[in-house]
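*Asks:* Before we start, here is the structure in question, set down as structure tokens.
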Amino acid sequence: MAEVIIVKDQAQAATLAANVFATLIKRKPTAVIGLATGSTPLKVYEALAAQVKAEQIDVSNVRGFALDEYVGLDKNHPESYYSVINNNVTVPVGFTPGLINTPNGDLATIEQAGEVYETLIRSSGGIDVQILGIGTDGHIGFNEPGSSLASRTRIKTLTQQTRQDNARFFDGDLNQVPMHCITQGIGTILDARQILLLAFGENKADAIAAAVEGGVSSFCPASALQLHPHATVILDEAAASKLKLKDYYTYTFDNKPGWQSV
Ligand code: GLP
């Protein structure tokens, strides 16, 4: 099972996760990091940017791979994951833009795009640390329920629920949300040497309970993390609220049964 850490708030989660990345990059300046979109990791990127600045860490040789991209959405659209990663991660942290990759959602080359991305990740030496959010239906990347646990980067159709969840990024207009995406597969994600999954808020509690304490099943893609040797799930109390073994997990704040300084 994944290690579970329950934090006081998002700021504490951000500090913890950013420190994992910063420590890695200081040890290995050519580190390969896995990046996620969505609102969940945003504070981690802010904390990492601050730490890189404060400690003057050289990040110019770090390579990065985003998990996913919409298919058929112009790369320069503000909600393409290429733009989101560039604006929220690459620019503020100071990574070298040419070393930070997103899958190519261009329709003209979509048939080869999965294999091309897999080859690029493999030739980089593989991802050292991958950060993940989780969808309310348990998806990771854009691996919706039913995705093969052995899947590799490929095209997927987004579920209605995910399109509804993501409509907030498209002026609340469901019609503007693309129907398809290209995403690293669950097998691709599991190849990362270390995984950090973050979740906050009550609306993630069911997905987290299924992922952490449910059976390993393609119907909850995040449950595949139970198969990974070095996966950590960082939650606030609301996202952790439906876990049965709450007393056994690590808490980063006082008066909790499993309190530990992390
Ligand atoms: C999208 C992304 C996922 C992300 C999920 C959750 O669907 N493809 O990688 O985990 O959103 O988003 P949020 O963090 O905003 O809840």
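The values are calculated or read from the model by the stated rules, or taken from the named source; none is laboratory data. Source: prediction; values computed, not measured. All Cβ positions, glycine included, derive from the backbone under ideal geometry; neighbour counts span all protein chains shown.
*Asks:* With respect to residue 98, determine if the residue is within 23 Å of residue 154 (Cβ to Cβ) and either within 16 Å of the ligand (Cβ to nearest atom) or assigned to a helix (DSSP H, G or I) (or both).
*Replies:* no
*Asks:* Only one residue in 109, 30, 40 is modelled with pLDDT of 95 or more, closer than 30 Å to residue 174 by Cα and away from the ligand (no atom under 16 Å from the Cβ), so which one is that?
*Replies:* Selected residue: 109, the only one of 109, 30, 40 that is modelled with pLDDT of 95 or more, closer than 30 Å to residue 174 by Cα and away from the ligand (no atom under 16 Å from the Cβ).
*Asks:* Looking at (1) part of a loop (DSSP other than H, G, I, E, B); (2) closer than 21 Å to residue 248 by Cβ; (3) among the aliphatic types (A, V, I, L, M), which is the one condition that is false for residue 192?
*Replies:* So residue 192 meets the others, but not (2).
*Asks:* Within the stretch 103-122, can one find any residue that is crowded, with 18+ Cβ neighbours inside 10 Å, without any contact (Cβ under 8 Å) to a residue 24 or more places away in the chain and in contact with a Ser or Thr (Cβ under 6 Å, 6 or more places away or on another chain)?
*Replies:* no
*Asks:* Report whether or not residue 68 is among the acidic types (Asp, Glu), surrounded by 15 or more Cβ atoms within 10 Å (Cβ to Cβ), more than 18 Å from residue 186 (Cβ to Cβ) and touching a residue at least 24 places away in the same chain (Cβ under 8 Å).
*Replies:* Criteria not met by residue 68.
*Asks:* For the subset of the stretch 214-262 comprising residues that are among the aromatic types (Phe, Trp, Tyr) and in contact with a Gly (Cβ under 7 Å, 6 or more places away or on another chain), which member is modelled with the highest pLDDT?
*Replies:* Filtering the stretch 214-262 for residues that are among the aromatic types (Phe, Trp, Tyr) and in contact with a Gly (Cβ under 7 Å, 6 or more places away or on another chain), the one modelled with the highest pLDDT comes out as 219.
*Asks:* Right, another one. Checking residue 144 against (1) surrounded by fewer than 17 Cβ atoms within 10 Å (Cβ to Cβ); (2) in contact with a Lys or Arg (Cβ under 7 Å, 6 or more places away or on another chain), only one condition comes out false. Which one?
*Replies:* Tallying (1) surrounded by fewer than 17 Cβ atoms within 10 Å (Cβ to Cβ); (2) in contact with a Lys or Arg (Cβ under 7 Å, 6 or more places away or on another chain), residue 144 fails exactly one: (1).
*Asks:* Which ones in the stretch 190-213 are under 20 Å from residue 146 (Cβ atoms), in contact with a Gly (Cβ under 7 Å, 6 or more places away or on another chain) and surrounded by fewer than 22 Cβ atoms within 10 Å (Cβ to Cβ)?
*Replies:* Scanning the stretch 190-213 gives a single hit, 210.
*Asks:* Within the stretch 162-183, take every residue that is of a type outside the set (Val, Ile, Thr) and within 10 Å of the ligand (Cβ to nearest atom) and give me the one that is modelled with the lowest pLDDT.
*Replies:* The extreme case among them is 165.
*Asks:* Being more than 29 Å from residue 209 (Cα to Cα) and either within 16 Å of the ligand (Cβ to nearest atom) or assigned to a loop (DSSP other than H, G, I, E, B) (or both) narrows it down to one residue among 57, 25; which is it?
*Replies:* Going through 57, 25 in turn, just one is more than 29 Å from residue 209 (Cα to Cα) and either within 16 Å of the ligand (Cβ to nearest atom) or assigned to a loop (DSSP other than H, G, I, E, B) (or both): 57.
*Asks:* Now for a different question. Identify, please: which residue in the stretch 101-124 is in a loop (DSSP other than H, G, I, E, B) and in contact with a strand residue (DSSP E or B) (Cβ under 6 Å, 6 or more places away or on another chain) and is, among those, nearest to residue 179 (Cα to Cα)?
*Replies:* Going through the qualifying residues, I end up with 105.
*Asks:* Looking for something on the phi > 0 side of the Ramachandran plot and assigned to a loop (DSSP other than H, G, I, E, B) - is there at least one such residue anywhere in the stretch 201-211?
*Replies:* The answer is yes, given that some residue of the stretch 201-211 is on the phi > 0 side of the Ramachandran plot and assigned to a loop (DSSP other than H, G, I, E, B).
*Asks:* Still on this structure, I have one more. Residues being more than 10 Å from the ligand (Cβ to nearest atom) and acidic (Asp, Glu): count how many of those fall in the stretch 128-153.
*Replies:* 1
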